[in-house]
Structure formats: C-alpha cells, structure tokens
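K.L.:
The following block contains the structure, expressed as structure tokens.
The values are calculated or read from the model by the stated rules, or taken from the named source; none is laboratory data. From a predicted model like this one, the values you see are computed outputs, not experimental measurements. For neighbour counting, all protein chains shown are included, and Cβ atoms are generated from backbone atoms with ideal geometry for every residue, glycine included. Accessible surface areas use protein heavy atoms only, side chains included; no ligands, DNA or RNA. Shrake-Rupley method; radii C 1.70, N 1.55, O 1.52, S 1.80 Å.
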Amino acid sequence: MKLNPGLLALAVGAFGIGVTEFAPMGLLPVIAGDLGVSIPSAGLLISAYALGVVIGAPLMTLTTGRVPRRTLLIALTGIFTAGNVLAALSGSYGMLLAARLLTSFNHGAFFGVGSVVAASLVPAERRAGAVAAMFMGLTIANVVGVPLATWAGEHLGWRSSFWGVSALGVVTMAALRLTLPALPAPSDSNAMAELRVLTRGPVLGALGLTAVGASAMFTVFTYITPILRDVTHASLGFVTAMLVTYGVGLTVGNWLGGRFADRSVDRTLIVTLGSLALILIAFAMLMPFKGPTAILIFLWGVASFALVPPLQVRVMHAAADAPNLASAMNIGAFNLGNAIGAAVGGGVIAAGLGYPAVALAGAGASVLGLVVVIGSVRAGRASPAAHDRNSGDQKSLPAAQAARLRP
C-alpha cells in the first residue's frame, strides 16, 4: 500500500497503545519493588487494563457516536496521553492502577473507530490492507517499543517509559489533526440500534471467533519466557532475541493477513488458523531444541497476527450498519481472549501437565476457531443470501452495504 499520511498517523497511535499495553509485562519486577507490592499484585495492572478495554470499548463508542471522527480520535488520544502522564506521576500502587484503567478506556474505541476511518481512506478493494496498515503500529510496538520501554524502565526507572509514551501521545494528536480530513460523525448514529446489531448471530459469531483466535495466541505467549527458560534452557539473551523474533513475525503476519484478506477473509482465516494449530503442535514437540524453536516462534508470530486484519474486517462486514461499535467490541473480544488464554495456560500448568501441553492447548483453540469458520462458510453456501450479507469476502459485499463502512 502506498504511503498514506492518515494511515501513518493512525499507526503511530496504535504503536503508542501497543507499548502502553504490553511494556508493563517486562517492568513488573521493577514496579513491584518500587511500590512495595508483590509480583501478582503488580500483575493486576495488566489485568485491569484488559478489563478496562472490555468495558471502555462499548461505553466510549456509544457515548461518542455524534462526535466527528477526527475530533473523536484526537480526544481518545488525549485520554491515552493523560492516563500515561498520571501513571508517570504515580507515587502509589492505587494511583498507578487508576491510571492504567483510565488509559485503557481509549483502547477499544480508538482501534474500532480508527479501523473504520482507515478503511474510508482507501478504495473499497484495499480496506483490509488499510486496517492492517493501522495495526502495523501495534506489531512494531512489540518489535521496537516494548523492548525499548523495558530497557528504559530498567536503567532510568519505570516512570521514564510512561513519560516517553506520553510524549508519543502528543505527537499522535498533532499528526491526526494534520493528516486526517474533517470526517463527520455518522448521520444515522443511534446507540440502541447499534446495540441491537450486536445481538445478531453473525456478529456474535465474529466476536466469538476473535476471542477464540486471541486465546490461541495468548495461551502460549503469556508463558513464553518460562517455557524458553525451563524447557529450552535458554539464556536471557536468547529469550530477548526470541521476543524480538516473535514481534517481527507479528509484523509480517499482519501485512500478509491484510494482503490476503483483501482477496478473501474466510479463506485467509481458514489457512491461518490451520497453520497456527500445526505450528503450535510442532512447538510442543520441539521446544527443547533452540534451532527449531527459533524458526517456530517466528512462524507462530506470523500466523498469530495474520488473523487480526481478517477478524477485524469480518466483524465490520457482519455489522456493516454499526461498524464503529462492532469494531470496538472486536478489540474488547481480543482482550477477552487474552484473559481466557492466560487462564487456560495457567490452568494447564497448575494441573502439572507441563509446558508442552500449554502449546497443545493453544493448538486446540486454533482448531476450534477453524471448525467455526468452516461451519460458517458452509452455512453461507447453503444460504446464498446470508452469504452475501455476512461473508468476509469483500467482493461479495453489496455496494450499498460497503458504503456503510465509511464513517
């Protein structure tokens, strides 16, 4: 996709949000020691953020339906910036927890509204690629931003990471103002009507599929460090290299997912979910060996985030008359999958089944998602009208319905 200043500004915002969400995972010991709390208590800072995303996504989207889109995105970035400033100023655990909750409230609405705005900036046949371009900022955050924030937290204090992200928030607000056109709010915005859209079977199915796909990723990713240390017997340097490798895989997968989803969303999901299951099964068998593990971690990253653009577009198409809310809810579903995956992986470990079983549990979630997609495709073929209405294949979307994807 050619350079698009508006998409670049959205990607910068996504980058900042990605660093804010994931960097504290690497800073937990530093934060816990400075604030005098336990590691599990510090871990609640991550859980609270995920919970805030789930709550904030529908709340912020429904209450801002009549706000012009550019203005709304700038305001959401302002909430993000204020939350990070509050975190940097936090002198107690309670204040930092409140800051994390405040910051999280922008997350779902920014990605939800941002996805629809991104899709409106390009021709219809490039919408999935536009969404992928925005989410590229999130994947690059895992390659560059998170390791950098972790390094800064270790050497300059954990507050320095939050100050850095706050500065990025200011830059994002300026970039959004300068690059995005003055996009009006949807003229037919109706909170109750949008809520009713979420009761449709195809929409609920698309959201559920996102939660399943995310759980397949986070069942294993949550415990990747202990897996590498205890099973692969890797050094700290190797662990760091593998996290960067995984982030590179996420970036490649996000690009591939957007590229192929522009051709067919359902086919992309089927191939990706099937590949993810096979990769995690291989990882379960080969994780004691560093060479195969390095290759599989890269491929696992590719498959994990190749799911994101087609899942996001699938929800936007299933709820074409309420794309902002549905898209924001999809981000909440992704975070719900994060929590579910972490719980499943933790349960497997607590049961004494071993780390290879964690990878197999992730593969099981991928297979479940694959079954759901195949069942949906077959149901669509049995009912052509429903297929035209609910399929992720953009070429089958009626022009009038496709137009509703624009804010």
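K.L.:
Roughly how much of V372 is accessible, in Å² to the nearest 10, using a 1.4 Å probe?
P.N.:
Around 70 Å² of this residue is reachable by solvent.
K.L.:
Let me ask something additional. Using a probe of 1.4 angstrom, how much of the accessible area of the chain is carbon and sulfur, in percent?
P.N.:
Numbers: 11010 of 15540 Å².
Carbon-and-sulfur percentage of accessible area, whole number: 71.
K.L.:
Something else now. Please sort 294-302, 8-16, 306-314 by packing, taking for each peptide the average over its residues of neighbouring beta carbons within 10 angstrom, highest first. Spell out each step's value before the answer.
P.N.:
Details: 294-302: 22.2, 8-16: 24.7, 306-314: 30.2.
So the peptides 294-302, 8-16, 306-314, ranked by packing, come out 306-314, 8-16, 294-302.
K.L.:
Return an integer: the convex hull volume of the alpha-carbon atoms of region 32-83, in Å³ per residue. Don't skip to the answer; put the middle values down first.
P.N.:
Working: hull volume 4.0 nm³, N = 52.
Cα convex hull per residue, to the nearest whole number: 78 Å³.
K.L.:
Which distance in Å, rounded to a whole number, links the C-alpha centroids of region 86-104 and region 121-143?
P.N.:
Between the Cα centre of region 86-104 and that of region 121-143, the gap is 30 Å.
K.L.:
Would you calculate, for the chain, the mean residue ellipticity at 222 nm contributed by helices, counting each DSSP H stretch of 4 or more residues as -39,500 (n - 2.57) and dividing by all residues, to the nearest 500? The partial results should precede the final answer.
P.N.:
Numbers: 19 runs with 329 residues, N = 407.
It lands at -27000 deg cm²/dmol.
K.L.:
Taking +1 at the Cβ of each Lys and Arg and -1 at the Cβ of each Asp and Glu, which of V30, L73, G56 sits farthest along the dipole of the chain towards its positive end, judged by Cα position relative to the Cα centre?
P.N.:
Result: L73, furthest along the dipole toward the positive end.
K.L.:
Still on this structure, please answer the following. Which value, in debye to the nearest 20, gives the size of the charge dipole of the chain about its Cα centre, when Lys and Arg are +1 and Asp and Glu are -1 at the Cβ? Please report the intermediate quantities before stating the final value.
P.N.:
Working: 23 positive and 12 negative charges, 169 e Å.
With only Lys, Arg, Asp and Glu charged at Cβ, the dipole is about 820 debye.
K.L.:
How much FRET efficiency would the formula 1/(1 + (r/R0)^6) give for T63 and A174, where r is the Cβ-Cβ distance and R0 is 30 Å, rounded to 0.05?
P.N.:
Details: r = 25 Å, r/R0 = 0.84.
Efficiency, from the Cβ-Cβ distance: 0.75.
K.L.:
Sticking with this structure for a sec: If I take R0 = 41 Å and measure r between the Cβ atoms of I374 and M95 in this structure, what FRET efficiency does the formula 1/(1 + (r/R0)^6) give, to the nearest 0.05? Spell out each step's value before the answer.
P.N.:
Values: r = 48 Å, r/R0 = 1.18.
E between I374 and M95, to the nearest 0.05, is 0.25.
K.L.:
Same structure again: What whole number of Å gives the distance from the Cα centroid of region 207-237 to the Cα centroid of region 316-353?
P.N.:
Taking the Cα centre of each part, region 316-353 and region 207-237 sit 15 Å apart.
K.L.:
Now a separate question. Shape call for the chain from the C-alpha gyration tensor, a ≥ b ≥ c root eigenvalues: rounded (a/c under 1.5), prolate (a/b greater than b/c) or oblate? The partial results should precede the final answer.
P.N.:
On the way: a/c = 1.75, a/b = 1.16, b/c = 1.51.
Judged from the Cα gyration tensor, the chain comes out oblate (a/c at least 1.5, b/c at or above a/b).
K.L.:
If the convex hull of the alpha-carbon atoms of region 305-360 is projected onto planes in all directions, what is the mean projected area in square nanometres?
P.N.:
Working: hull surface 17.5 nm².
Quarter of the Cα hull surface area: 4.4 nm².
K.L.:
Is region 227-352 best put as rounded, prolate or oblate by its Cα gyration tensor, with a ≥ b ≥ c the root eigenvalues, rounded for a/c under 1.5, and otherwise prolate when a/b is larger than b/c, oblate when not? Let's see the in-between values first.
P.N.:
Details: a/c = 2.36, a/b = 1.72, b/c = 1.38.
It comes out prolate by the Cα gyration axes.
K.L.:
With a 1.4 Å probe and every protein chain left in place, tell me how much accessible area I340 has, in Å² to the nearest 10.
P.N.:
80
K.L.:
Taking the Cα centre of region 218-329 as the origin and placing charges on Cβ (Lys, Arg +1; Asp, Glu -1), which of L325, V308, N254 is farthest toward the positive end of the dipole?
P.N.:
Checking the options against the dipole of region 218-329, the answer is N254.
K.L.:
Give the residue list of trypsin sites (Lys or Arg not before Pro) in region 217-309 that are DSSP loop and have at most 15 other beta-carbon atoms within 10 angstrom.
P.N.:
On the way: sites: R229, R259, R263, R267, K290; in loops: R263.
Those satisfying the criteria are R263.
K.L.:
Next question, about the same structure. Normalising by the residue count of region 113-209, find the relative contact order in percent from Cα pairs under 8 Å and 6+ residues apart. Display every interim value, and only then the final one.
P.N.:
Values: 27 pairs, mean separation 10.3, N = 97.
That works out to 11 percent.
K.L.:
If you don't mind, there's one more thing I want to ask. So, in nm, how far is label H233 from label S41 when the simple model puts each one 7 Å beyond its Cα toward the Cβ?
P.N.:
Each label point lies 7 Å from its Cα, and together they span 3.8 nm.
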